Amino acid sequence: MLLYNTLSGTKEDFKPLEDRQVRMYVCGPTVYDYDHVGHARTYISFDLLNRFLRFLGYKVKYVQNITDVGHLVGDGETGLDKVRVKAQETGVSVEEIIDQFSEAHRRDLASLQVTPPDLMPRASEHIKDIITFVEELITKGFAYQTREGNVYFRVSKKADYGKLSHRGLAEIITGTRIEPARDKTSPADFALWKAAPIGAKDMVWDSPWGKGFPGWHIECSAMSQKYLGNTFDIHGSAIEHIFPHHENEIAQSEALTGQPLAKYWVHTGLLTVGGQKMSKSLKNTVSVADALKDYSANELRLAFFLTSYRRPFDYTKASLEQGVVLRRKLFTNSFSLPKETDQTVWKEMIEALNDDLDTPKALQVWEQNSQKINETDTNKLFNIFGLIKKKIEDVPEAVGLAADRNKARANQDFLTADNRKNELFQHGFEVLDTEPKTLYISR
């Protein structure tokens with residue numbers, strides 16, 4: 001299998017550190033709001049990678065964190081914590097915000113047919129691990145404490161800083177930092193521990209440097225080390241996390257251990273909405289829940305997979321309708337399959353997926369040859385792509401609606417028949433009247 005590695009900028013043969021064992025860490029959400037379709041694309045992409053690795057016979061340990069503290073508004077080094085701001089805006093406690101949006105994230109993953117990660121650790125539950133990590137960096141001379149009670153990583157001590165984003169230190173200092181804190185030795189240095197705001201009582205902890213909370217970047221380093229070791233196979237997220245988040249993870253982790261943090265760095269491309277970046281100011285953010293009002297999880301997944309995970313994806317009605325059309329064709333053809341699979345077709349599909357998850361090519365081959373793949377192998381493909389084919393007989397309410405529709409059609413009561421058809425659609429079935437029978441196709 002070939003996998004594109006952001007670190008090297010090339011496709012590489014995928015060879016895990018341990019035979020047939022894969023350890024993968026993917027950055028999870030900051031739980032201050034509902035997941036949007038940008039999150040969905042990233043989690044669906046890594047769900048595909050997870051599923052395909054398991055199909056190939058690997059045992060995967062998949063960790064996705066929950067950031068519930070330390071992620072500041074604007075991703076800056078100064079300012080307010082996103083979770084705390086949300087709590088203040090809504091008038092509820094920080095703990096309620098964390099619980100509400102952590103649970104919402106899990107629901108969204110389930111609704112998108114994403115296999116749950118094996119572990120979903122919370123940053124706030126690993127404060128001791130984080131403090132120990134920071135203490136060791138100070139001892140090694142890679143971090144320093146300021147009089148204000150903050151602790152920063154000394155970027156100048158890491159000679160290869162910038163190797164993931166391919167940026168030089170001068171460029172980083174002059175062009176990428178937002179509102180550098182005044183107590184830093186260098187504008188490029190980044191926070192490992194932040195002093196608690198005056199009067200703050202929640203989500204702050206005692207530390208050797210006074211009351212405070214962890215920086216955003218150190219959390220992932222501490223949790224990935226705890227659950228996956230000093231070096232693991234795959235670290236991934238969206239392309240927006242390459243700098244500064246992943247660059248900083250590399251710097252602090254490798255400074256501590258002297259070992260590579262991850263062997264392969266995998267990033268999904270940018271998602272735009274109608275050609276524009278999603279933002280609250282443009283009011284064009286599409287939540288997962290809203291997307292699923294218009295399209296099924298099967299349709300969303302197929303629409304995303306029609307573009308390589310590494311390329312930009314523009315979320316438009318036209319791009320999503322491609323997923324609708326492909327879902328309809330694949331699921332309709334699944335009712336009439338041969339006894340044997342055409343091995344030439346099968347090999348071409350698997351080779352495409354082995355080539356850095358080339359889903360556009362794999363789906364093109366499947367669409368053109370779906371009736372050359374038997375039921376067993378079609379079910380394997382459904383599983384790899386995370387598609388769910390429901391059977392109407394497994395949904396009692398739908399069975400009743402179908403019976404009512406058949407009766408109405410027999411009586412030429414077409415208004416009632418159309419109403420039942422619409423209700424079946426809401427239950428996840430598209431109705432296709434064919435000879436000799438009606439098909440109930442999963443949405």
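Pick from region 433-442 the residues that are hydroxyl-bearing (S, T, Y) and not in a loop (DSSP other than H, G, I, E, B): which of them is surrounded by the most Cβ atoms within 10 Å (Cβ to Cβ)? Step by step, filter region 433-442, then rank; the result is Y440. When residues in region 1-43 are screened for being among the β-branched types (V, I, T), in contact with a helix residue (DSSP H, G or I) (Cβ under 7 Å, 6 or more places away or on another chain) and closer than 24 Å to H166 by Cβ, 2 of them pass. For P312, the requirement of being without any contact (Cβ under 8 Å) to a residue 40 or more places away in the chain and farther than 30 Å from L424 by Cα is not met. Evaluate the following for G57: is it out of contact with any Ser or Thr (no Cβ under 7 Å at 6 or more places or on another chain), at pLDDT below 95 and either not in a helix (DSSP H, G or I) or not polar (S, T, N, Q) (or both)? Considered against the rule, which asks whether it is out of contact with any Ser or Thr (no Cβ under 7 Å at 6 or more places or on another chain), at pLDDT below 95 and either not in a helix (DSSP H, G or I) or not polar (S, T, N, Q) (or both), G57 comes out as no.
Across region 267-282, the qualifying residues are those that are in contact with a helix residue (DSSP H, G or I) (Cβ under 7 Å, 6 or more places away or on another chain) and modelled with pLDDT of 95 or more, and the one among them that is most open to solvent (accessible area, probe 1.4 Å) is L270. Among the residues of region 282-309, which ones are closer than 20 Å to Q364 by Cα and either of a type in the set (S, T, N, Q) or without any contact (Cβ under 8 Å) to a residue 12 or more places away in the chain (or both)? The answer is N298, T307, S308. Please determine whether any residue of region 226-235 is touching a residue at least 60 places away in the same chain (Cβ under 8 Å), of a type in the set (G, A, S) and open to solvent by less than 10 Å² (accessible area, probe 1.4 Å). So far as region 226-235 goes, no, none of its residues is touching a residue at least 60 places away in the same chain (Cβ under 8 Å), of a type in the set (G, A, S) and open to solvent by less than 10 Å² (accessible area, probe 1.4 Å). Kindly evaluate A398 against the criterion of being modelled with pLDDT of 95 or more, open to solvent by less than 30 Å² (accessible area, probe 1.4 Å) and over 34 Å from the mean Cα position of the chain (by Cα). So A398 does not fit the description; no. Considering only residues in region 123-159 that are among the small types (G, A, S) and in contact with a Ser or Thr (Cβ under 8 Å, 6 or more places away or on another chain), the one that is surrounded by the fewest Cβ atoms within 10 Å (Cβ to Cβ) turns out to be S156.
Of all residues in region 22-61, those satisfying the criterion of being under 12 Å from the mean Cα position of the chain (by Cα) and under 13 Å from V114 (Cα atoms) are H39, A40, R41, T42, Y43, I44, S45, F46, D47, L48, L49, N50. When you check F335 against the structure, is it in a helix (DSSP H, G or I), in contact (Cβ under 8 Å) with a residue 60 or more places away in the chain and either open to solvent by 50 Å² or more (accessible area, probe 1.4 Å) or within 30 Å of D13 (Cβ to Cβ) (or both), yes or no? So F335 fails the test.
For region 406-432, residues that are surrounded by 14 or more Cβ atoms within 10 Å (Cβ to Cβ) and polar (S, T, N, Q) total 2. Within region 309-332, the set of residues being touching a Phe, Trp or Tyr at 6+ places or on another chain (Cβ under 8 Å) and open to solvent by 40 Å² or more (accessible area, probe 1.4 Å) comprises R310 only. Considering only residues in region 42-99 that are at positive phi and either small (G, A, S) or free of Cβ contacts under 8 Å to residues at least 12 places away in the same chain (or both), the one that is surrounded by the most Cβ atoms within 10 Å (Cβ to Cβ) turns out to be G70.
Of all residues in region 199-222, those that are among the acidic types (D, E), at pLDDT 95 or above and open to solvent by 30 Å² or more (accessible area, probe 1.4 Å) total 1.
Filtering region 283-308 to residues that are open to solvent by less than 20 Å² (accessible area, probe 1.4 Å) and either part of a loop (DSSP other than H, G, I, E, B) or not charged (D, E, K, R) (or both) leaves V288, A291, S296, A297, N298, L300, L302, A303, F304, F305. Restricting attention to region 338-391, the residues that are open to solvent by less than 50 Å² (accessible area, probe 1.4 Å) and in a helix (DSSP H, G or I) add up to 21.
Within region 113-132, none of the residues are of a type in the set (K, R) and over 19 Å from P214 (Cα atoms).
Every residue, every condition in (1) under 32 Å from the mean Cα position of the chain (by Cα); (2) not aromatic (F, W, Y), yes or no:
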| site | (1), (2) |
| --- | --- |
| N379 | yes, yes |
| F385 | yes, no |
| K390 | yes, yes |
| A410 | no, yes |
| S442 | yes, yes |
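The values are calculated or read from the model by the stated rules, or taken from the named source; none is laboratory data. All of these numbers come straight from a predicted model, not from anything done at the bench. Using ideal geometry, Cβ is built from the backbone for each residue, glycine included, and neighbour counts are taken over all protein chains shown. Note: areas computed on protein heavy atoms with side chains; ligands, DNA, RNA excluded. Shrake-Rupley method; radii C 1.70, N 1.55, O 1.52, S 1.80 Å.
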